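Worksheet: the structure to be examined is printed underneath.
The values are calculated or read from the model by the stated rules, or taken from the named source; none is laboratory data. Treat the numbers as computed from the prediction; the structure is a model and nothing was measured. As a convention, Cβ positions derive from the backbone with ideal geometry for all residues, glycine included, and neighbour counts pool all protein chains shown.
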Ligand code: NAD
């Protein structure tokens, strides 16, 4: 946590995060470090708010003229009816993680996919335009990435998932994104390993957007080492641990790897820019939060 040198006064502005459970979030450390570095008289605080309190919380924030806030689970879709407008990426993925309040007009968007694109473009490939992506997972993170990558010009995205509770919604989103963007999106069963291997052989980027590999199950991974190839950029949305088993396997194979901590940092940076109009001081924040 940054040491706050600017005193809290009657002028200090609030930026907040509404979610539950959320006390573990790194967002306060990220945004407060950035405010501190830039001498901005703002403070980022977390409030444990679930769906039952969400409408009242949004009404309150609007009435208090709070400039912006994040939402996370379980509020990412539930908040949409309480907003005035949503971005194109939210129309496609059906989720919001950032709200901007322009003089009482509330606009929702998702910066999770932007965070993923920046993480890949800073650390893996020069641009995702024209790239072929294999995306494992069809939950909230995966669909936000899918929507943003399709809007930002990825040429093909193959989504691999189990035929579980996420499958039906994934098919709807794949159909919508095919209709609304120039990207060719397909949905595949991850249990068809021949299909996965063949698709990976043709791909430029692989991303795990499931929770597989996350602590305390860091010894789990959905992709075998011999399914990877040198030249593939491998990114894991899981950020705890920073160096997941998938990334370890990818490194052994000679792939470029990108940790989920960068997606987390860059999604925060994209929200920060929307609220303040200013770039987040990334090097400073990275050093402060130790990534
Ligand atoms: P979610 O619950 O919405 O989706 C989970 C997905 O994982 C589904 O597609 C499900 O089918 C799949 N899955 C779960 N267990 C599986 C298993 N054993 N085998 C195969 N597939 C399995 O979760 P989410 O919100 O999309 O988050 C997914 C991961 O991404 C989490 O680890 C989360 O921490 C991470 N995440 C990271 C960032 C970041 O900024 N780095 C942002 C959002 C989410």
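Taking segment 190-204, which residues are within 15 Å of the ligand (Cβ to nearest atom) and in contact with a helix residue (DSSP H, G or I) (Cβ under 9 Å, 6 or more places away or on another chain)?
Selection gives 190, 193, 196.
If you take the residues of segment 268-291 that are outside any helix (DSSP H, G or I) and modelled with pLDDT under 95, which of them is surrounded by the most Cβ atoms within 10 Å (Cβ to Cβ)?
Taking the candidates together, the pick is 291.
Given the residues 99, 86, which is the only one that is crowded, with 24+ Cβ neighbours inside 10 Å, more than 14 Å from the ligand (Cβ to nearest atom) and in contact (Cβ under 8 Å) with a residue 12 or more places away in the chain?
So the residue among 99, 86 that is crowded, with 24+ Cβ neighbours inside 10 Å, more than 14 Å from the ligand (Cβ to nearest atom) and in contact (Cβ under 8 Å) with a residue 12 or more places away in the chain is 99.
Can you spot a residue in segment 210-226 that is within 20 Å of residue 121 (Cβ to Cβ), within 11 Å of the ligand (Cβ to nearest atom) and buried (at least 20 other Cβ atoms within 10 Å of the Cβ)?
Checked against the condition, which is being within 20 Å of residue 121 (Cβ to Cβ), within 11 Å of the ligand (Cβ to nearest atom) and buried (at least 20 other Cβ atoms within 10 Å of the Cβ), segment 210-226 yields no hits at all.
Looking only at segment 227-237, filter to residues that are more than 10 Å from the ligand (Cβ to nearest atom) and not in a loop (DSSP other than H, G, I, E, B); which one of those is farthest from residue 120 (Cα to Cα)? Write out each step before concluding.
Here is the first cut: in segment 227-237, the residues more than 10 Å from the ligand (Cβ to nearest atom) are 227-234.
Of the ones still in play, those that are also not in a loop (DSSP other than H, G, I, E, B) are 227, 233-234.
On the way: 227: 20, 233: 8, 234: 9 Å.
That would be 227.
How many residues does segment 111-136 contain that are over 17 Å from residue 72 (Cα atoms) and in a loop (DSSP other than H, G, I, E, B)? Write out each step before concluding.
Going through segment 111-136, the residues over 17 Å from residue 72 (Cα atoms) turn out to be 117-136.
Within this subset, residues satisfying the condition of being in a loop (DSSP other than H, G, I, E, B) are 124-131.
Final tally of qualifying residues: 8.
Take residue 281 and tell me if it is over 22 Å from residue 166 (Cβ atoms) and within 14 Å of the ligand (Cβ to nearest atom).
It is false that residue 281 is over 22 Å from residue 166 (Cβ atoms) and within 14 Å of the ligand (Cβ to nearest atom).
Considering only segment 14-23, I want to know if a residue exists there that is closer than 21 Å to residue 77 by Cβ and surrounded by fewer than 16 Cβ atoms within 10 Å (Cβ to Cβ).
Taking every residue of segment 14-23 in turn, at least one turns out to be closer than 21 Å to residue 77 by Cβ and surrounded by fewer than 16 Cβ atoms within 10 Å (Cβ to Cβ).
Which of the residues spanning segment 130-144 are surrounded by fewer than 24 Cβ atoms within 10 Å (Cβ to Cβ) and within 6 Å of the ligand (Cβ to nearest atom)?
Within segment 130-144, 139, 140 qualify.
Any idea which residue in segment 238-256 is farthest from the ligand (Cβ to nearest atom), counting only those that are in a loop (DSSP other than H, G, I, E, B) and touching a strand residue (DSSP E or B) at 6+ places or on another chain (Cβ under 6 Å)?
255
Can you confirm whether residue 45 is surrounded by 19 or more Cβ atoms within 10 Å (Cβ to Cβ), touching a residue at least 12 places away in the same chain (Cβ under 8 Å) and touching a helix residue (DSSP H, G or I) at 6+ places or on another chain (Cβ under 9 Å)? Can you show your working first?
Details: surrounded by 19 or more Cβ atoms within 10 Å (Cβ to Cβ): no; touching a residue at least 12 places away in the same chain (Cβ under 8 Å): yes; touching a helix residue (DSSP H, G or I) at 6+ places or on another chain (Cβ under 9 Å): yes.
Answer is no for this residue.
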